[in-house]
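Asker: The structure's right below; bear with me while I get my questions together.
All of the numbers you see were taken from the coordinates with simple rules; none came from a lab. Here the structure is a predicted model, which is why all the values come from computation and not from measurement. Neighbour counts run over all protein chains shown; Cβ positions are idealised from the backbone, glycine included.
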Amino acid sequence: MNDILLVARNHLLMALRERITLFWFMIFPVFLLVILAVIFGHIGQEGEISFGISLLNLDRGSSNAFSTIVEETFAELAQPQEQGKEPLFALMSSGGGEDPDAYIEAETLAVKRGRRTAFIIIPEGFTRQVMEQIATGGAQETATSGGASALQILYSEGNTSSAMAVSIIEQVLAGIDQEILARSGRFDAARSIPLMTTWVGSDAAEGSYVDFLLPGIVLMGFFMNGLFGIPGSILFSRDQGVLRRYWVTPHTVPRFFAGLTLGHLALCVVQFAILYSVGRFALGASVSFATAPAILFMLLAIVTFMAVGFLISSLSKTANAGMAVANILNMPMMFLSGLFFPIAGLPGFLRAIVYINPLSYLADGLRANIGVESAQFSPLLTVLIPIAWIAVATVIASWRLKWDVST
């Protein structure tokens, strides 16, 4: 038993003593947690989201222009409702002196390149169409929702912020429809469905981006520890002849494996303690990992990434080759897993990586079990996919892994 504890101790001390491993296993996860929390920590809080939109009114010359209602509504929403809060929209409106075609071309390009989230065009004849629909009894469909002179909203389909802005704009236009109908005498407020809108975001930490991010960073630490720590310990020790010295003693491979596993687990515990302390006490995270399912998911993650580390060790002839393989796998697996941001809306070819990535299921299962967000995958898959990775990696590693450079 003493020899197992000595191997565990050596593995832990080596990781904490080496500056490179200390940076990547300890300092970098903390640094990334703090940076992302500071930059994106206010997501979901009232007054912290502002959408940049532009508006062009080509119907200004009409008398009693209903287009003015639309323009004034968005101008009002571009004003801060409270001191210190961002307005809902940052509005870029045409002053009327520009060439309309050139303005449309420039703002359309701005939407395509992400400088604007949406571009609203009020076409010429907008007021006339509204009045015609009112006169013919089309009280439930104004020009904001259909017709030859309908409002146009240009947005970028692949941009999440753009899609969110359009959704909000559509709700604003629904309210403008009611205002137009009310001014024309066609809207009966007494018969309408009563509505009350309430902001459900909170300045409190509950449900914040920090709560979403912390489990992802914890898993990222475990992942990098397994991906780089295990191959580094085995391959460098093998290349330098350290492992051969173990085998000339009564120490066996299973006992070395047990010591390495124990040391790896201790390093993960240290990682978790540091990250949780920073997230909870410095960044205000409110999530709790002190539940049996959460602890089991973290243990499953540690074992999964250890298995991946052993798989890399078995496929690499030298330590440098092992680090190269780990670096190739690191970025796509880490960033296409939802550790830092939600993965909804990714293109189809990237979703294929998400669906075979064990990190995706572990992150989803851990967050669901600590109450951060609803599960995207079935609870069974969040367990079975990592176990399948463990099984496949173990079979290949037991078959190919060489513990001595001379064998």
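Asker: In nm, give the distance between the simple-model label positions of Thr68 and Arg255, each being 7 Å from the Cα along the Cα-to-Cβ direction.
Answerer: 9.2
Asker: Sticking with this one: So if R0 is 60 Å, what FRET efficiency would Trp399 and Ala290 give, r being the distance between their Cβ atoms, rounded to the nearest 0.05?
Answerer: After rounding, the FRET efficiency stands at 0.95.
Asker: If you don't mind, there's one more thing I want to ask. Between Arg244 and Arg115, what is the spin-label point distance in nm, taking each point 7 Å from the Cα along the Cα→C-beta axis?
Answerer: Computed distance between label sites Arg244 and Arg115 equals 6.5 nm.
Asker: Once the piece of chain linking Arg60 and Phe28 is laid out straight, how much longer is it, given 0.36 nm per residue of separation minus the C-alpha distance between them?
Answerer: 6.0 nm
Asker: Residue by residue through region 216-222, what is 3J(HN,Hα) from phi via Karplus (6.51 cos²θ - 1.76 cosθ + 1.60, θ = phi - 60°)? Round to whole Hz and write x for glycine and proline.
Answerer: x, 5, 4, 5, 4, x, 4
Asker: Oh, and also: Calculated FRET efficiency, Ala90 and Ile387, Cβ-Cβ r, R0 51 Å, to nearest 0.05?
Answerer: Calculated transfer efficiency: 0.60.
Asker: According to the square roots a ≥ b ≥ c of the eigenvalues of the Cα gyration tensor, what is the shape class of region 218-277, taking rounded for a/c under 1.5, prolate for a/b larger than b/c otherwise, and oblate for the remainder?
Answerer: Prolate, because a/c is 1.5 or more and a/b exceeds b/c.
Asker: Could I have the simple spin-label model distance between Glu373 and Ser50, label points 7 Å from Cα toward Cβ, reported in nm to one decimal?
Answerer: According to this spin-label approximation, the distance is 2.6 nm.
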